[in-house]
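The structure appears below as structure tokens.
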Amino acid sequence: MSKVRWMWEAFLQLVSLKNKKLSTAYKNEVKKTVLIVDDREEHRLFLKEALESDGFATITCSNAIDALSILRNNDIPVDIVTLDWSMPGMDGDELLDIIRTDVQIENTRKRRNKNFKIPVVMITIFITDKNVEKMKKKADYFLPKPLSYKDVQHVVRNILKKYGDL
């Protein structure tokens, strides 16, 4: 799918959502925080709009180093991460390995009385059998691009319910 078409479909979904009633989560002011990690600005914006329109708070960053700083910071609560598989520098796969083993992230979550395992949704356009198997073993869920608002909202909400955070 071309970039222009993808952006057009994202715009149409946004217009459609703005015409609908607020979601139950927003009405009840449930504010779980999603960390969005993607090197492409248009993808970060799309995910931010999709999740905020469903009542989530979001934090965005464009690289793995910034994401680690946020996850290790005790003052910034993160309930779930959406993570792009392919990024320059440290990619999503490497970042996920660190998220799963980092003692500082573990201690930060323990201080907030959360499970150590922070839920992660891996997002990619590079769908191969090898990548899919790898993602299924490491991440809580993976979403192939192109994405829809509905798919993103559904997956994030269901994973948080699974962990008892929603």
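For residue 135, the test of being out of contact with any Cys (no Cβ under 7 Å at 6 or more places or on another chain) and either free of Cβ contacts under 8 Å to residues at least 24 places away in the same chain or part of a helix (DSSP H, G or I) (or both) is passed.
To keep it simple, each residue is scored yes or no on (1) within 17 Å of residue 71 (Cβ to Cβ); (2) exposed (fewer than 14 other Cβ atoms within 10 Å of the Cβ).
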site	(1), (2)
110	yes, yes
117	yes, yes
141	no, no
151	no, yes
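Residue pairs whose Cβ atoms lie under 7 Å apart, sitting 6 or more positions apart in sequence or on different chains, and linking a residue in segment 103-122 that is more than 15 Å from residue 81 (Cα to Cα) to a partner that is at pLDDT 85 or above and not in a helix (DSSP H, G or I), are 112/77.
Only one entry in 127, 70, 99, 65 is at pLDDT below 90, over 13 Å from the mean Cα position of the chain (by Cα) and among the β-branched types (Val, Ile, Thr), namely 127. In segment 55-66 there is at least one residue that is over 18 Å from residue 159 (Cβ atoms) and part of a strand (DSSP E or B). Among the residues of segment 67-88, count how many are surrounded by fewer than 19 Cβ atoms within 10 Å (Cβ to Cβ), of a type in the set (S, T, N, Q) and either in contact with an Asp or Glu (Cβ under 7 Å, 6 or more places away or on another chain) or not in a helix (DSSP H, G or I) (or both). Going through segment 67-88 one residue at a time, the tally reaches 3.
Criterion applied to 96, 160 was being in contact with a Leu (Cβ under 7 Å, 6 or more places away or on another chain), surrounded by 12 or more Cβ atoms within 10 Å (Cβ to Cβ), assigned to a helix (DSSP H, G or I) and touching a residue at least 60 places away in the same chain (Cβ under 8 Å), and the one residue passing it is 160.
Evaluate segment 108-119: report whether one residue or more is hydrophobic (A, V, I, L, M, F, W, C), assigned to a loop (DSSP other than H, G, I, E, B) and under 15 Å from residue 36 (Cα atoms). Scanning segment 108-119 turns up at least one residue that is hydrophobic (A, V, I, L, M, F, W, C), assigned to a loop (DSSP other than H, G, I, E, B) and under 15 Å from residue 36 (Cα atoms).
The values are calculated or read from the model by the stated rules, or taken from the named source; none is laboratory data. Just so you know, these numbers come straight off a predicted model, no measurement behind them. Using ideal geometry, Cβ is built from the backbone for each residue, glycine included, and neighbour counts are taken over all protein chains shown.
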